[in-house]
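S.K.: Got a structure for you, questions after.
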Amino acid sequence: MPDRFPHRHGGSVTIRMKNRQEFRSTCTAPRGSGPRGVEWADVERKYHDLAPLAGLTPAQVDASLAFIRHLDEGAPVAQLINLINVKS
């Protein structure tokens, strides 16, 4: 299939020193992007960083992440909804 999104949101950085020396680096596929693959460790780290911002308690974060990790085993998604329900 043709690549619908050829730009992968990578980037380039050039650092110019006072002595005119330049250092350049380009990243076309950042860590966690499709071409490089996504590791569970990256997903877990990001989930632990972001889920509490939605109001989840540490226990909810751990329980829901464990559920997500085994989502392909067929447990009802309604259980996940209960795990991530934020009480007001």
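S.K.: Condition check: in a loop (DSSP other than H, G, I, E, B) and either surrounded by 10 or more Cβ atoms within 10 Å (Cβ to Cβ) or on the phi < 0 side of the Ramachandran plot (or both). Does residue 82 satisfy that?
M.R.: So residue 82 fails the test.
The rows are residues; the columns are (1) in a helix (DSSP H, G or I); (2) of a type in the set (Lys, Arg); (3) within 30 Å of residue 85 (Cβ to Cβ); (4) modelled with pLDDT under 95.
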position: 15; (1), (2), (3), (4): no, no, no, no
position: 26; (1), (2), (3), (4): no, no, no, yes
position: 32; (1), (2), (3), (4): no, no, yes, yes
position: 45; (1), (2), (3), (4): yes, yes, yes, yes
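S.K.: For residues that are among the small types (Gly, Ala, Ser) and farther than 16 Å from residue 79 by Cβ, scanning just segment 52-66, find the one that is surrounded by the most Cβ atoms within 10 Å (Cβ to Cβ).
M.R.: Residue satisfying both the conditions and the ranking: 55.
S.K.: Sticking with this structure for a sec: Let me spell it out: the conditions are (1) modelled with pLDDT of 90 or more; (2) farther than 26 Å from residue 10 by Cα; (3) outside any helix (DSSP H, G or I), and residue 61 meets all of them except one. Which number is the exception?
M.R.: For residue 61, the failing item is (3).
The values are calculated or read from the model by the stated rules, or taken from the named source; none is laboratory data. No experiment lies behind these values; they were computed from the predicted model shown. Cβ: placed from backbone, ideal geometry, glycine included. Neighbour counts: every protein chain shown.
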